[in-house]
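Participant: This is the structure I want to talk about, given as structure tokens.
The values are calculated or read from the model by the stated rules, or taken from the named source; none is laboratory data. The shown structure was predicted, so the numbers you read here are calculated from the model rather than taken from an experiment. All Cβ positions, even for glycine, are placed from backbone atoms using ideal geometry, and neighbour counts span all protein chains on display. Areas reflect the complete protein model, heavy atoms only, side chains present, ligands, DNA and RNA absent. Shrake-Rupley method; radii C 1.70, N 1.55, O 1.52, S 1.80 Å.
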Amino acid sequence: MGIIKKEISIGFVISILATACGVFLYLQYFSKYGFEETILMIQKGNLYAQVLSLAALPNLFVFFIFIKKKQDYRARGVLMASILTALVTFVLKFL
């Protein structure tokens with residue numbers, strides 16, 4: 001695996017982890033209900049797309065950190081993961 005692919009993969013994985021952390025932060029700290037109650041409400045209301053789109057916000061910070069540190073290939077991986085998240089959100093919203 002080349003250096004460029006490795007750097008893009010690192011950015012992609014970090015972006016997915018940032019999105020997962022965003023989901024956790026939303027469920028744990030920004031919801032006024034408990035963790036399990038919030039998950040049940042998301043399932044009942046079919047709100048997966050809305051939660052996922054909010055949870056992807058930390059990707060902005062990760063992207064700009066990589067850009068500022070001149071790690072363009074990692075930023076490219078974050079961008080790719082963000083596009084994938086947007087596509088998944090689109091599919092979830094309209095299914």
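Participant: Condition first: among the aromatic types (Phe, Trp, Tyr) and over 16 Å from residue 16 (Cβ atoms). Now tell me which residues in region 49-72 satisfy that.
Facilitator: Step one: list which residues in region 49-72 are among the aromatic types (Phe, Trp, Tyr), which gives 61, 63-64, 66.
The one that is among the aromatic types (Phe, Trp, Tyr) and over 16 Å from residue 16 (Cβ atoms): 64.
Participant: Still on this structure, please answer the following. If I filter region 54-74 for residues that are assigned to a helix (DSSP H, G or I), more than 17 Å from residue 92 (Cα to Cα), in contact with a Cys (Cβ under 8 Å, 6 or more places away or on another chain) and open to solvent by less than 90 Å² (accessible area, probe 1.4 Å), do I get at least one hit? Spell out how you get there, then give the answer.
Facilitator: At the first step, the residues of region 54-74 found to be assigned to a helix (DSSP H, G or I) are 54-55, 58-68, 72-74.
Next, from what is left, pick out any that are more than 17 Å from residue 92 (Cα to Cα): 58-68, 72-74.
Okay, now just the ones that are also in contact with a Cys (Cβ under 8 Å, 6 or more places away or on another chain), so 58.
From what's left, open to solvent by less than 90 Å² (accessible area, probe 1.4 Å): 58.
Scanning region 54-74 turns up at least one residue that is assigned to a helix (DSSP H, G or I), more than 17 Å from residue 92 (Cα to Cα), in contact with a Cys (Cβ under 8 Å, 6 or more places away or on another chain) and open to solvent by less than 90 Å² (accessible area, probe 1.4 Å).
Participant: For residue 4, work out the one condition from (1) of a type in the set (Val, Ile, Thr); (2) touching a Phe, Trp or Tyr at 6+ places or on another chain (Cβ under 6 Å); (3) open to solvent by less than 60 Å² (accessible area, probe 1.4 Å) it doesn't fulfil.
Facilitator: It is condition (3) that residue 4 fails.
Participant: Show the residue pairs meeting these rules: Cβ distance below 6 Å; 6+ apart or different chains; first residue within region 19-47 and small (Gly, Ala, Ser); second residue surrounded by 11 or more Cβ atoms within 10 Å (Cβ to Cβ) and assigned to a helix (DSSP H, G or I).
Facilitator: Going by the 6 Å Cβ cut-off, the qualifying pairs are 22/55; 22/58; 31/38.
Participant: Still on this model: Could you list all residues from region 48-70 that are over 19 Å from residue 87 (Cα atoms) and touching a residue at least 24 places away in the same chain (Cβ under 8 Å)? Lay out the reasoning, then the answer.
Facilitator: Step one: of region 48-70, the residues over 19 Å from residue 87 (Cα atoms) are 61-62, 64-70.
Within region 48-70, 61, 62, 66 meet the criteria.
Participant: OK, next. Taking the condition of being of a type in the set (A, V, I, L, M, F, W, C), loosely packed, with under 14 Cβ neighbours inside 10 Å and more than 10 Å from the chain's Cα centre (by Cα), how many residues in region 13-31 meet it?
Facilitator: The total comes to 2.
Participant: I've got another one for you. Going by what's in this entry, would residue 44 be described as in a loop (DSSP other than H, G, I, E, B), open to solvent by 40 Å² or more (accessible area, probe 1.4 Å) and not aliphatic (A, V, I, L, M)?
Facilitator: Details: in a loop (DSSP other than H, G, I, E, B): no; open to solvent by 40 Å² or more (accessible area, probe 1.4 Å): yes; not aliphatic (A, V, I, L, M): yes.
It is false that residue 44 is in a loop (DSSP other than H, G, I, E, B), open to solvent by 40 Å² or more (accessible area, probe 1.4 Å) and not aliphatic (A, V, I, L, M).
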